[in-house]
Amino acid sequence: MASRCIFHVDVDAFFASVEQSLNPHLRGRPVIVGGLPHQRGVVHSASYEARACGVKTGMPLSEARRRCPQAVFLKGNFLHYKYVSREILKILQTFSPKVEFTSLDDAYVDMTGTNRRFSHPRRAAQAMQQEIDRRLGVPVSIGIGTSKLISRLASAQHKPRGITYVPPGKEREFLAPLPVSALIGVGRVTEQLFQEMGVRTVGQLARLPKRALEQLLGANGIRLWEFANGIDPREVEPCRLRRQISRETTFEEDTDDLQVVMATLQYLCERIAMKLRTERLACGRVHLRIRYADFEQRAAGRKLSHHTQDASVLMAMVHRLIEAVGGRRVRIRHVHISVGDLEPQNWQPDFFSGGARNEALLHGIDEIRRRYGFSAVLPAKTKILQSRYRLDKHGYILHTPSLSQ
């Protein structure tokens, strides 16, 4: 049986690269996307010129300004990024019909069986890079392997504009020296556990007994053992564009006003719910993350009793998650809500439970917003935000609004 050939295409410094592509004056200059230098918030994307000064994604904007005062700071424009992402999809589909986007800036492409068109996978990757650069002017790095796991890890090896090919049969050799944190499913807690066991590399993890990892970590232990040994049968799922939808914002000033925090969370839930309905999706899980003034983070997530696209259901779960993370006598800096376990909206409304009536109500709200703007219908509890943020027909102008619509 012939080996699979999977590409992982990752746009280098996506937001910053799009800005440099659209504005020739920014090319070759350090660009930081996430907000203006005097604003609070964090870096969402930094060009490689900015990274050379030590700027990293997730770094506070104030620290980025200190390290790279000559950088151009931009709030960003989500519509531009969405457009470029869709154009990349169109380009990749000319190489293979099996393209799976996992976010705006990276995708898997199943190139199995294309050897008649291209003599070697590297040639196909070069042609892909050149076409994206010619039409959009953004750099991409490409990893090539026999699975999603290998191709994703390979794409990160030689950025920017890199091509890394892992030949069939060389998977374990490629994986062995990588840190265990490189594997999907290894978070900080699991990494710390492995370090206490003296396991720091994927090669060391691969030598552990499968049964021992299962006893230690359950089903995730089995998956990590398989990944460490280069086993990943996951298929490329065409046109899968989303795993989650998230909205977040950094407060202009750290706050301990619970009403303001809850109103902001309510507003973010409204944004997420409308996005779900627009894309005809429903979510089955909600995750909340709170960052405090001292930069400590607390997070919690739970599964919903049923899939939904209703903001009131999301907000009810957010209340439960706030109780789960517990209170701290520290001001809050940043809030983030994400929804996952997405599936197409394909259920029939339950006429006896009022489901159809509620769906009609939500549809009516969406129609009003489409005609008159998002702010035409807002929950009364969000009115308190008017004293803090400007409101136009598109909604409240939150911090880095283009990245948290």
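Scan segment 305-318 and report the pairs whose first residue is touching a residue at least 12 places away in the same chain (Cβ under 8 Å) and in a helix (DSSP H, G or I) and whose second residue is crowded, with 19+ Cβ neighbours inside 10 Å and among the acidic types (Asp, Glu), with Cβ atoms within less than 7 Å and a gap of 6+ or a chain change.
Hits for this filter: 311/270.
Residue 300: more than 26 Å from residue 393 (Cα to Cα), in contact with a Pro (Cβ under 7 Å, 6 or more places away or on another chain) and either modelled with pLDDT of 90 or more or of a type in the set (A, V, I, L, M, F, W, C) (or both), yes or no?
No: the conditions fail for residue 300.
What single numbered condition from (1) farther than 21 Å from residue 243 by Cα; (2) aliphatic (A, V, I, L, M); (3) crowded, with 20+ Cβ neighbours inside 10 Å fails to hold for residue 91?
Condition not satisfied by residue 91: (3).
Here's the yes/no breakdown for (1) farther than 19 Å from residue 140 by Cα; (2) surrounded by fewer than 23 Cβ atoms within 10 Å (Cβ to Cβ); (3) not assigned by TED's automatic domain parsing to the domain that holds residue 253:
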| residue | (1), (2), (3) |
| --- | --- |
| 7 | no, no, yes |
| 22 | no, yes, yes |
| 30 | no, no, yes |
| 36 | yes, yes, yes |
| 58 | yes, yes, yes |
| 79 | yes, yes, yes |
| 99 | no, no, yes |
| 112 | yes, yes, yes |
| 119 | yes, yes, yes |
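Of the residues 71, 64, 124, which is surrounded by 19 or more Cβ atoms within 10 Å (Cβ to Cβ), modelled with pLDDT of 95 or more and under 22 Å from residue 142 (Cβ atoms)?
Answer to the check: 124.
Is it true that some residue in segment 161-183 is in the same structural domain as residue 48 (by TED's automatic domain parsing), surrounded by 14 or more Cβ atoms within 10 Å (Cβ to Cβ) and in contact (Cβ under 8 Å) with a residue 60 or more places away in the chain?
Looking for residues that are in the same structural domain as residue 48 (by TED's automatic domain parsing), surrounded by 14 or more Cβ atoms within 10 Å (Cβ to Cβ) and in contact (Cβ under 8 Å) with a residue 60 or more places away in the chain, one finds none in segment 161-183, hence no.
In segment 206-248, what residues are surrounded by 18 or more Cβ atoms within 10 Å (Cβ to Cβ), in contact (Cβ under 8 Å) with a residue 40 or more places away in the chain and not small (Gly, Ala, Ser)?
224, 227, 232, 236, 245, 247, 248
Can you confirm whether segment 149-170 contains a residue that is assigned to a helix (DSSP H, G or I), among the charged types (D, E, K, R), in contact with a Gly (Cβ under 7 Å, 6 or more places away or on another chain) and within 27 Å of residue 48 (Cβ to Cβ)?
Checked segment 149-170: at least one residue is assigned to a helix (DSSP H, G or I), among the charged types (D, E, K, R), in contact with a Gly (Cβ under 7 Å, 6 or more places away or on another chain) and within 27 Å of residue 48 (Cβ to Cβ).
The values are calculated or read from the model by the stated rules, or taken from the named source; none is laboratory data. From a predicted model like this one, the values you see are computed outputs, not experimental measurements. Virtual Cβ from ideal backbone geometry, glycine too; neighbours counted across all protein chains shown.
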